[in-house]
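The values are calculated or read from the model by the stated rules, or taken from the named source; none is laboratory data. No experiment lies behind these values; they were computed from the predicted model shown. Here the Cβ positions follow ideal geometry from the backbone for every residue, glycine too, while neighbour counts run over all protein chains shown.
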Amino acid sequence: MKLKNWHDSHKEVSSFGQRLADSVASGMGSWTFIIAQTVFVLAWMLLNIVGYIKHWDAYPFILLNLLFSTQAAYAAPIIMMAQNRQADRDRAQAQADYQTNLEAKLEIENLQKRLDAIEIEKLDKIIALLEKNNSTNKII
């Protein structure tokens, strides 16, 4: 049985829209997307500049600009949603880390108390042995 960490628990309560926003933001922030978009733009421009039959978007490429504007209009809020979710995940991780640190602190304090008790017990035994040794030396 696999124990769930904070990330797995947080992921389970995500809605479809939240998971979609994370996926879109992750995809748009990748080299694959940048390269694919660059190839698309270059092909669009090349086909419209050298196209002998029909230029569907002649220079200055107004339709291409419209596509980019539409893409930006949708991408910005989706990326903001993903950033908000990342902030939520960061808060959840910080809370989990705090809880772990608190538990570790309490465990260390308990160990320190036990070590102190052992130390006192050892010192008491040493003192008792020294007193016994002193009392036997006085008798002789």
- Report, ordered by the first and then the second residue, all pairs with beta carbons closer than 8 Å, sequence separation of six or more or different chains, a first member in the stretch 58-82 that is within 17 Å of residue 38 (Cα to Cα), and a second member that is among the aromatic types (Phe, Trp, Tyr) and assigned to a helix (DSSP H, G or I). 61/44; 64/44
- Query: Which of (1) surrounded by fewer than 10 Cβ atoms within 10 Å (Cβ to Cβ); (2) in contact (Cβ under 8 Å) with a residue 12 or more places away in the chain does residue 136 not meet, given it meets every other one?
  - Reply: (2)
- Note on the structure: Apart from one, (1) part of a loop (DSSP other than H, G, I, E, B); (2) under 24 Å from residue 17 (Cβ atoms) all hold for residue 58; the odd one out is (2)
- Query: Taking the stretch 6-49 only, how many residues are β-branched (Val, Ile, Thr), closer than 17 Å to residue 73 by Cα and over 24 Å from the mean Cα position of the chain (by Cα)?
  - Reply: 0
- For the stretch 113-125, indicate whether the set of residues that are surrounded by 10 or more Cβ atoms within 10 Å (Cβ to Cβ), in a helix (DSSP H, G or I) and in contact with a helix residue (DSSP H, G or I) (Cβ under 7 Å, 6 or more places away or on another chain) is non-empty. no
- For residues that are assigned to a helix (DSSP H, G or I) and more than 30 Å from residue 23 (Cα to Cα), tally how many sit in the stretch 33-55. 5
- Query: Hey, does the stretch 71-80 have a residue that's surrounded by 14 or more Cβ atoms within 10 Å (Cβ to Cβ), within 30 Å of residue 96 (Cβ to Cβ) and at pLDDT 85 or above?
  - Reply: yes
- Qualifying residues in the stretch 55-69 (those that are surrounded by 12 or more Cβ atoms within 10 Å (Cβ to Cβ) and farther than 15 Å from residue 40 by Cα) - the one modelled with the highest pLDDT: 58
- Query: Any idea which of (1) modelled with pLDDT of 95 or more; (2) closer than 21 Å to residue 28 by Cα is the one residue 113 doesn't satisfy?
  - Reply: (2)
- All positions within the stretch 50-68 that are farther than 30 Å from residue 86 by Cα, under 43 Å from the mean Cα position of the chain (by Cα) and among the aromatic types (Phe, Trp, Tyr): 61
- Name the pairs whose Cβ atoms lie under 8 Å apart, with the first residue in the stretch 22-46 and surrounded by 12 or more Cβ atoms within 10 Å (Cβ to Cβ), the second acidic (Asp, Glu), and 6 or more positions between them or separate chains? 44/57
